[in-house]
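One structure is given here, and the rest of the page talks about it.
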Amino acid sequence: MAARAYWQGQIRLALVSIPVEIYSATRSGAQISFHQIHEPSGQRIKYEKVAPGVGPVDTDEILKGFEVEKGEYVLLEQDEIDAVKLESKKTLELTQFVDAHEIDVLYYEKPYFVVPADDLAEEAFIVLREALRRTKKVGLGQLAMRGREYIVSLKPCGRGMVLETLRYADEVNKAQGYFRDIPDDKPDPELLDLAEALIDKKSAAFDPGGFHDRYVDALKALIERKRKAKGQKIIEDKGGDTGRSGANVVDLMAALKKSMEKSGGTTSAKTPAKKAASPKKPPAAKAAPKRTPAKKRA
């Protein structure tokens, strides 16, 4: 493979060890990177590492230090840190298996591709992959990478597997603190039907290629206009989109119906379907003319 393995080691399941390699499954997008510039001179700002009372220092004179008391540090060299023995540095032991839906989305952090390290590892790798697929389970364990130990999950992905780092419990904020002020009310059935109809109308298979970073595009366009304007200040038209409705009272029913119309649908979803039955009542009105002969008899 052209890419460099992010981690090399083995997956252990009981007495079975499978040599594997892990590769990053994601990459940074086309972000716009800015530098800090000294406007009067046009020179780029640079930072120096300095020690109070000493001034600039060489990087080879810098060690990592942990503050044990105010102003008192325990200094550690990199080889001392690297020598810390932790089995999960080279071995991912699967210690538990759970249903995928049991892991809250808040815990997932970053995905990695997992592949067998060599031909000899392929058979055991495939057995584990298919066992996870058939049982619909996710394997859990702990793995040390780049200076910290992660909880990780392991699941099938096509011919390979995907490992995802997970956050620890103390790294995730409790949702109750944010959601407790939201009332536990039941929505209006008609509004709910309209919302469901709008969701159905806009439902489609997930295609990540259909999305792109529009902010990056806008920044690139701004940079090009600024370059052509030779430094003249350019302010984008904000257009009045504040992103918040403020204190404005919105007619939710009207907004949902208008959204349906804009999406190319009609407001006759589940609830309107009940209203659509009303046109069937006119036959009763047509039956009325049959009574006219009674007037002739009179």
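Kindly indicate whether Tyr47 is closer than 30 Å to Arg4 by Cβ and assigned by TED's automatic domain parsing to the domain that holds Leu163.
No; evaluated as a whole, the condition is false for this residue.
So Glu102 passes all but one of these: (1) in the same structural domain as Glu164 (by TED's automatic domain parsing); (2) surrounded by 11 or more Cβ atoms within 10 Å (Cβ to Cβ). Which condition number does it fail?
All conditions are met except number (2).
Given the residues Leu140, Leu128, Leu106, which is the only one that is farther than 20 Å from Ala3 by Cα, in a helix (DSSP H, G or I) and modelled with pLDDT of 95 or more?
Leu128
Got a sec? Which of Ala254, Ala284, Ala273 is modelled with pLDDT of 60 or more and assigned to a helix (DSSP H, G or I)?
Ala254 is the lone residue from the list that is modelled with pLDDT of 60 or more and assigned to a helix (DSSP H, G or I).
Condition first: within 22 Å of Tyr150 (Cβ to Cβ), under 24 Å from the mean Cα position of the chain (by Cα) and in a loop (DSSP other than H, G, I, E, B). Now tell me which residues in the range 4-35 satisfy that.
Within the range 4-35, Ala5, Tyr6, Ala25, Thr26, Arg27, Ser28 meet the criteria.
Which residue is nearest to the chain's Cα centre (by Cα), if the candidates are limited to the range 178-191 and must be assigned to a loop (DSSP other than H, G, I, E, B) and surrounded by 10 or more Cβ atoms within 10 Å (Cβ to Cβ)?
Among those residues, the one meeting the criterion is Pro187.
This table checks each residue for (1) surrounded by 12 or more Cβ atoms within 10 Å (Cβ to Cβ); (2) touching a residue at least 12 places away in the same chain (Cβ under 8 Å); (3) farther than 22 Å from Ala14 by Cβ.
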{"position": "Thr91", "(1), (2), (3)": "yes, yes, no"}
{"position": "Tyr107", "(1), (2), (3)": "yes, yes, yes"}
{"position": "Leu120", "(1), (2), (3)": "no, yes, no"}
{"position": "Glu123", "(1), (2), (3)": "no, no, no"}
{"position": "Ile151", "(1), (2), (3)": "yes, yes, no"}
{"position": "Gln176", "(1), (2), (3)": "no, no, yes"}
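Which of the numbered conditions does Ala25 fail, given that it passes all the others? Conditions: (1) in contact (Cβ under 8 Å) with a residue 60 or more places away in the chain; (2) of a type in the set (Gly, Ala, Ser); (3) within 30 Å of Leu222 (Cα to Cα).
(3)
Return the pair list, or none, for Cβ contacts closer than 8 Å from residues in the range 215-232 that are of a type in the set (S, T, N, Q) to residues that are surrounded by 12 or more Cβ atoms within 10 Å (Cβ to Cβ), at least 6 apart or on different chains.
Gln232/Lys226
Which of the residues that make up the range 67-89 are part of a strand (DSSP E or B) and either farther than 29 Å from Gln8 by Cβ or assigned by TED's automatic domain parsing to the domain that holds Arg167 (or both)?
Result: Glu67, Val68, Glu69, Glu72, Tyr73, Val74, Leu75.
Among Ser33, Ser41, which is the only one that is free of Cβ contacts under 8 Å to residues at least 12 places away in the same chain, of a type in the set (Ser, Thr, Tyr) and closer than 30 Å to His212 by Cα?
From the options Ser33, Ser41, the qualifying one is Ser33.
Would a scan of the range 122-135 turn up a residue that is under 22 Å from Lys89 (Cβ atoms) and in contact with a Leu (Cβ under 7 Å, 6 or more places away or on another chain)?
yes
Can you name every residue in the range 36-65 that is assigned to a loop (DSSP other than H, G, I, E, B), within 19 Å of Ile223 (Cβ to Cβ) and either among the charged types (D, E, K, R) or at pLDDT below 90 (or both)?
Glu39, Gly42
The values are calculated or read from the model by the stated rules, or taken from the named source; none is laboratory data. The shown structure was predicted, so the numbers you read here are calculated from the model rather than taken from an experiment. Neighbour counts are summed over all protein chains in view; Cβ atoms, including those assigned to glycine, are modelled from backbone coordinates with ideal geometry.
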